[in-house]
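Trainee: Sharing a structure here in structure tokens format.
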Amino acid sequence: MGYPYPPDEKETVVLSQYFGDEGARSYQGWVKRGGYQALEAALAMEPGAVTDVVKASGLRGRGGAGFPTGLKWSFMPKDSGKDHYLVCNADESEPGTFKDREIMRWTPHGLIEGCAIAAYAIGAECCYVYIRGEFTEPLAIMAKAVAEAYANGVLGEKLLGTGPRLEMIIHRGAGAYICGEETGLMNSLEGRRGNPRIKPPFPAQAGVFGLPTTVNNVETLAAVPHIINRGADWYQGICLGNEKSTGTKLYSVCGHVQKPGNYELAMGTPLEELIFDMAGGMPPGRTLKAVIPGGSSVPIMDAEDVKGCLLDYEGVVERGSMLGSGGVIVMDDSTDMVYQIYRLTRFYAHESCAQCTQCREGTAWTVKILERILGGHGKESDLDLLLDLADNMTGTTICVLSDSCAAPVVSGIAKFRSEFDAYLSGARPPALAAH
Amino acid sequence: MSTAGASASETSYQPVFTGETMAALETLFERYPTKQACMLPALWMVQEARGWISERAMAEVAEVIGVTPAYVKGVVTFYTMYHTHPVGRNVIQVCTTTPCSLCGAEAVLRTILQETGCEELGRTSTDGRFTVQEVECLGACGFATPILVNDDFIESVTPERVAGLLEGYK
Ligand SMILES: Cc1cc2nc3c(=O)[nH]c(=O)nc-3n(C[C@H](O)[C@H](O)[C@H](O)COP(=O)(O)O)c2cc1C
Ligand code: FES
């Protein structure tokens with residue numbers, strides 16, 4: 001079921017089946033619910049065959065980029081003679097996204113099982129689970145579950161007592177959004193500043209500690225045991241829209257809805273059903289103004305874009321945005337779009353690792369110009385200046401944090417220009433004290 | 001989490017990595033292929049013990065990890081959760097990023113600043129009880145407004161709830 005509300009009949013409950021069920025948290029509880037059977041089944045297969053099942057399922061990365069998971073695993077070298085690493089990305093810091101947190105809180109063993117299967121498939125004997133430092137509760141729950149998995153012979157010298165060795169280490173982050181970017185994460189794990197690295201080399205060739213590495217998101221890995229248990233065909237069959245998007249996806253809905261929370265949907269479910277039916281729609285008397293459908297880094301949709309939009313990788317792109325991490329930020333007609341876009345750019349300015357000039361300067365100047373506009377001192381030319389800056393910030397840097405800051409500015413000006421104009425003309429009183 | 005020792009002067013520096021703490025770090029060294037990978041864990045150990053990470057402590061971490069003190073400082077200052085100055089007995093982090101802002105996070109922050117007597121972000125209240133920080137998305141946007149008080153993650157905080165919540169932190 002979704003969380004914290006009981007399951008809606010329109011949900012397709014797979015990963016979230018045990019959300020809210022405290023009994024599923026312990027090793028015994030997990031085994032009672034059929035846990036670790038998928039790992040056992042995977043260990044009876046050749047590693048390459050496990051990868052093939054995941055490939056055939058159509059599973060795509062749930063961390064934001066939607067890269068096919070089985071294909072990513074197949075990039076890991078065979079017989080390289082080097083140590084391989086699996087890194088589970090539990091840095092979840094994309095504004096609007098809070099699904100990995102629930103997976104870790106309720107089904108830690110499900111995640112461990114997914115990690116173990118992935119590690120087996122890619123030939124890794126070590127898995128680091130990098131959890132953001134603020135997630136104190138998930139950190140404690142995961143640490144306990146990993147200890148239980150060692151104590152019960154799941155992890156350690158021999159996976160489930162029969163397979164290859166697997167060590168699993170929980171690594172605590174310390175507050176930095178950019179450490180969710182996979183190469184920033186790897187630097188952080190190595191004890192450095194979390195600056196993203198230039199690709200190539202790609203992680204599968206030279207990842208953490210310079211060795212072949214696969215980085216996967218929590219939700220991606222948590223889906224793997226279900227795919228092994230129920231088969232690639234079953235997973236691929238969960239598809240209401242485009243066949244390139246299969247399975248279920250957890251959506252975190254927040255902002256101006258009556259029932260914010262996590263909802264698990266079959267790929268291709270209409271966005272309107274999620275917002276208006278499952279999440280209860282806007283507060284009484286309010287209407288929909290805007291939605292950011294994939295975590296804060298994707299373009300803003302207006303109410304018109306939302307109509308008829310199907311929630312899958314292709315469906316959201318068709319409507320000018322992206323599915324991203326599935327963090328759905330809903331804004332009603334009371335929202336000051338200029339202020340909220342400004343607040344988003346402040347996030348990116350704060351989180352820029354500052355190694356690329358376009359990002360360091362671009363995010364800072366975007367904030368300053370928006371501050372000026374909100375302070376009632378904007379100039380006619382400021383919107384063009386913002387768009388020019390955004391252009392320079394897109395596709396020019398090592399990672400896409402800079403692009404992510406530009407996205408809401410560009411889409412915001414395109415769709416809500418009159419709100420910017422109201423500040424510029426003085427029709428709307430300043431929202432910020434002058435600087 | 002207590003912040004005992006936050007006022008210890010730099011001259012009378014007592015190393016963190018002795019006895020059990022050093023043993024814990026040694027165990028960690030075995031779990032990573034490089035010593036440097038234990039940087040973040042080692043810094044957490046320092047903050048746990050001292051409440052913040054002084055220049056002297058950074059030098060100690062540099063020594064046990066095998067890098068320069070300047071390198072450690074570069075790492076410490078990259079991450080928002082490490083304190084490079086002494087902090088109050090209780091540190092409160094308040095999220096005000098867009099999803100929380102839509103749900104009134106700024107009002108929660110204002111109330112917390114008032115109720116704690118901190119008045120300003122980053123300043124410690126005169127009784128040494130609180131330091132308040134504004135932070136970016138805490139990864140719980142559906143439960144606006146989340147705050148982190150020391151290690152306690154508290155969801156759905158409203159201005160009305162603030163006074164009652166703070167009572168538990170002396
Ligand atoms: C700025 C930035 C932040 C990111 N943050 C996260 C994150 O918090 N969690 C995550 O899983 N992926 C995040 N990603 C995506 C990762 O780089 C990577 O694509 C992902 O972890 C791969 O896993 P997947 O293929 O299973 O999705 C981020 C990317 C960027 C550019
Ligand atoms: S925006 Fe506040 S928790 Fe995400």
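Trainee: Per-residue HN-Hα couplings for the stretch A:253-261, Karplus 6.51 cos²θ - 1.76 cosθ + 1.60 at θ = phi - 60°, whole Hz, x for Gly and Pro?
Mentor: Running phi through 6.51 cos²θ - 1.76 cosθ + 1.60 with θ = phi - 60° gives 10, 9, x, 7, 10, 7, 10, x, x Hz.
Trainee: Mean-square fluctuation check for chain A, GNM, Cα pairs under 10 Å: which of A:33, A:60, A:197 is largest?
Mentor: With Cα springs under 10 Å in chain A, the top fluctuation among A:33, A:60, A:197 is at A:33.
Trainee: Right, something else. Once amide H atoms are built 1.01 Å from N in the peptide plane, which residues 5 or more positions from residue A:165, or in another chain, come under 5 Å H to H?
Mentor: Those qualifying (amide H under 5 Å, at least 5 residues apart or on another chain) are A:159.
Trainee: For the protein assembly as shown, what number results from the quotient of the Cα radius of gyration and 2.2 N^0.38 Å?
Mentor: 0.94
Trainee: Using only atoms on other chains, find how many Cβ atoms lie within 10 Å of each Cβ of peptide A:250-256 and report the average.
Mentor: So the per-residue partner count for this stretch is 4.
Trainee: Using a Gaussian network model of chain A with C-alpha springs under 10 Å, which one of A:406, A:176, A:303 is most mobile by mean-square fluctuation?
Mentor: For chain A, modelled as a Gaussian network with Cα springs under 10 Å, the answer is A:303.
Trainee: Take the alpha carbon atoms of the stretch A:201-289, find their radius of gyration, then divide it by 2.2 N^0.38 Å using N residues; give the quotient.
Mentor: The value comes to 1.47.
Trainee: Taking θ as phi - 60°, what are the ³J(HN,Hα) couplings along the stretch B:72-84 by the Karplus curve (6.51, -1.76, 1.60), each to the nearest whole Hz, with x for Gly and Pro?
Mentor: Working through the residues one at a time gives 4, 4, x, 6, 4, 6, 6, 9, 6, 7, 7, 8, 9 Hz.
Trainee: Could you list log10 I(q)/I(0) for chain B at q = 0.10, 0.12, 0.19 Å⁻¹, which the Debye formula gives when each Cα is one point scatterer?
Mentor: Result of the Debye calculation: -0.44, -0.61, -1.14.
Trainee: Cross-link list A:244/A:415; A:72/A:244; A:10/A:99; A:32/A:259; A:99/A:199; A:78/A:244: which exceed 23 angstrom alpha carbon to alpha carbon?
Mentor: Violating the 23 Å Cα-Cα cut-off are A:244/A:415; A:32/A:259; A:99/A:199; A:78/A:244.
Trainee: Taking the Cα centroid of the stretch A:165-191 and of the stretch B:28-83, what is the distance between the two, rounded to the nearest whole Å?
Mentor: Value for the Cα centre distance between the two parts: 15 Å.
Trainee: Under 19 Å from the 7 Å Cα→Cβ point of residue B:23, by amide nitrogen: which residues of the stretch B:39-69?
Mentor: B:42, B:45-46, B:49
Trainee: Please find, in a Gaussian network model of chain A (springs between Cα atoms separated by less than 10 Å), the residue of A:420, A:209, A:19 whose mean-square fluctuation is greatest.
Mentor: A:209
Trainee: In addition: Please report how far the C-alpha centroid of the stretch A:68-146 lies from that of the stretch A:235-286, rounded to the nearest whole angstrom.
Mentor: 25 Å
Trainee: Hey, could you pull the Cα Rg and Dmax for the stretch B:19-78, both in Å?
Mentor: 10.6, 29
Trainee: Ok, one more. Which whole number gives the average, over all residues in B:34-42, of C-beta atoms from other chains lying within 10 Å of the residue C-beta?
Mentor: Across the residues of B:34-42, the mean count of other-chain Cβ atoms within 10 Å is 5.
Trainee: Quick one: length gained pulling residue A:151 to residue A:391 fully straight, 0.36 nm per residue minus the C-alpha distance?
Mentor: Using 0.36 nm per residue and subtracting the Cα-Cα distance, I get 81.0 nm.
Trainee: Right, here's the next one. May I ask you to evaluate 6.51 cos²θ - 1.76 cosθ + 1.60, the Karplus curve with θ = phi - 60°, for each residue of the stretch A:311-322 and list the ³J(HN,Hα) values in order in whole Hz, giving x for glycine and proline?
Mentor: Once rounded to whole Hz, the list reads 7, 8, 4, 7, x, 6, 4, 4, 9, x, 10, 9.
Trainee: What average count of beta carbons from other chains do you get within 10 Å of the Cβ of residues in A:184-194?
Mentor: Partner Cβ neighbours, averaged per residue: 5.
Trainee: Still on this structure: Would you please give the FRET efficiency between residue A:202 and residue B:126, computed as 1/(1 + (r/R0)^6) with r the Cβ-Cβ distance and R0 = 60 Å, to the nearest 0.05?
Mentor: 0.65
Trainee: Taking the alpha-carbon distance from residue B:73 and a cut-off under 20 Å, which lysines remain once sequence neighbours fewer than 8 residues away in the same chain are dropped?
Mentor: Straight-line reach from residue B:73, under 20 Å: B:35.
Trainee: Which of the aspartates and glutamates could a cross-linker bridge to residue A:82, judged by Cα under 15 Å and excluding same-chain residues fewer than eight apart?
Mentor: A:125
Trainee: Before anything else, pin down the relative contact order of chain A: Cα pairs under 8 Å, at least 6 apart, normalised by residue count, whole percent.
Mentor: Once divided by the residue count of chain A, the mean separation gives 16 percent.
Trainee: Show the residues, 5+ positions off or on another chain, whose built amide H is closer than 5 Å to the amide H of residue A:325.
Mentor: A:295
Trainee: Would you work out the relative contact order for the stretch B:90-167, in percent, from Cα pairs under 8 angstrom that are 6 or more residues apart?
Mentor: Answer for the stretch B:90-167 is 39 percent.
Trainee: Determine the percent antiparallel among the DSSP beta bridges restricted to the protein assembly as shown, to the nearest 5.
Mentor: Close to 45 percent.
Trainee: Could you work out the relative contact order of the stretch B:1-129? I mean the mean sequence separation of Cα pairs under 8 Å and 6+ apart, divided by the number of residues, in percent.
Mentor: 23 percent
Trainee: For the protein assembly as shown, what is the calculated [θ] at 222 nm in deg cm²/dmol (nearest 500), taking -39500 (n - 2.57) for each run of four or more DSSP H residues and dividing by its residue count?
Mentor: Calculated at 222 nm, the ellipticity per residue is -12000 deg cm²/dmol.
Trainee: Enumerate the amide H contacts of residue A:197 below 5 Å, restricted to partners 5 or more residues apart or on another chain; note that Pro and chain-start residues carry no placed amide H.
Mentor: When sequence neighbours closer than 5 places are left aside, the close amide H contacts are A:183, A:184.
Quick note: the coordinates plus some simple rules give every number you see, no bench work behind them. The shown structure was predicted, so the numbers you read here are calculated from the model rather than taken from an experiment. We place every Cβ from the backbone using ideal geometry, glycine too, and count neighbours over all the protein chains shown.
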